[in-house]
Structures are given as structure tokens and as C-alpha cells.
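This report concerns only the one structure given below.
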Ligand code: RB5
């Protein structure tokens, strides 16, 4: 798959470990920054990766900040994005199968590299199941256009 990745300054140490792992799994990865250790505001990077994914330039996105919370909130402001923040693999897998998430976020201050790898692998290997779940995801999409307000 073609994957977009981004972080803030807190995610800078974990990000290259995850990029290497994703490449080992055979994915193409583009890093949207930051590239140095200066303080970097997570909304900018969450927005950038989310826009790339929403535009269809990438299949999925991965975001890392201190908790994964701020950067996932920012990503979810972009139309078409369903970002999930996960600290364990079960929710990551189900978020693909049931919610068709297209961005995975996690926190470098919350989980270590090995757990992060396990989470990202489960998430990437899971597939959206459609069916009754599609109707619910469509209801969320409709909220973006005001169709069900
Ligand atoms: C940065 O200090 C921190 O707020 C950020 O990495 C993230 O945890 C926000 O949700």
C-alpha cells in the first residue's frame, strides 16, 4: 500500500522505527514531517496527512504525537477522514473492519515501539467488512454534508 505518515516533535523518535517497519512489510511510505526536533504543532501535520489521504493520493495514513489524541482530532476535521487513536491492536483491527478508518494514530508517550508495530500491522491487515457497517459509515459521511442534520 501507499502510506502517508506524520507526527509532531514528540513522535520524532518513534516515527522512523515505524517507517522502517512499514517498509519491511512491503509498503511505500512518504513522511510528511516534521524532520527535525524543534517543537512542531500536531494540527499542521495531522491536517497535511489527512488531506493527502482524503485526496486519494495515499491509501491510508499513520500519525504519531504524544498521546495520538491531538493529531487524530486534527485529522478528523478533514472531510472524508476517519482517524482512530489506538493503544492496543483489538480496537485498531475492529476500526478497519467496522468503521473503515483511514488514519491510525498512536501516542509515543503511551506505547512503545513493539506495541506500535503490532497495532499498525493488525490495522493494515484488517479489511472493511461492509454490510451493516457500511450503512453506519455512510451515516457518518452524511454528517459531513449535512444530509442527516
Ligand atoms: C505535545 O506536548 C503534546 O501535546 C502532543 O504531542 C500530543 O500529545 C497532543 O495530543
Practice item. Would you point out which residue out of 77, 93 is surrounded by fewer than 20 Cβ atoms within 10 Å (Cβ to Cβ) and within 19 Å of residue 32 (Cβ to Cβ)? Key: 77
Check your understanding: Condition test on residue 44, is it within 19 Å of residue 78 (Cβ to Cβ), within 16 Å of the ligand (Cβ to nearest atom) and surrounded by fewer than 17 Cβ atoms within 10 Å (Cβ to Cβ)?
Key -> yes
Review point. Quick one: is residue 60 under 16 Å from residue 83 (Cα atoms), more than 16 Å from the ligand (Cβ to nearest atom), in contact (Cβ under 8 Å) with a residue 40 or more places away in the chain and surrounded by 15 or more Cβ atoms within 10 Å (Cβ to Cβ)?
Key: yes
Check your understanding: What number of residues in the stretch 97-111 are under 11 Å from the mean Cα position of the chain (by Cα) and more than 12 Å from the ligand (Cβ to nearest atom)?
Key -> 4
Review point. When you look at residue 68, is it within 16 Å of the ligand (Cβ to nearest atom), over 27 Å from residue 135 (Cα atoms) and at pLDDT 95 or above, yes or no?
Key: yes
Check your understanding: From the list 134, 116, 105, 142, which one is in contact with a helix residue (DSSP H, G or I) (Cβ under 9 Å, 6 or more places away or on another chain) and part of a helix (DSSP H, G or I)?
Key -> 116
Study note, to complete from the structure: Of all strands (runs of 3 or more DSSP E) fully inside the stretch 1-102, the set with 1 or more residues that are more than 19 Å from residue 119 (Cβ to Cβ) is 2-7, 28-31
Exercise for review: Within the stretch 14-40, work out how many residues are loosely packed, with under 15 Cβ neighbours inside 10 Å and within 12 Å of the ligand (Cβ to nearest atom).
Suggested key: 1
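The values are calculated or read from the model by the stated rules, or taken from the named source; none is laboratory data. In this text, all values refer to a predicted model and were calculated from it rather than measured experimentally. A quick note on method: Cβ atoms are made from the backbone with ideal geometry, for glycine too, and the neighbour counts reach across all protein chains shown.
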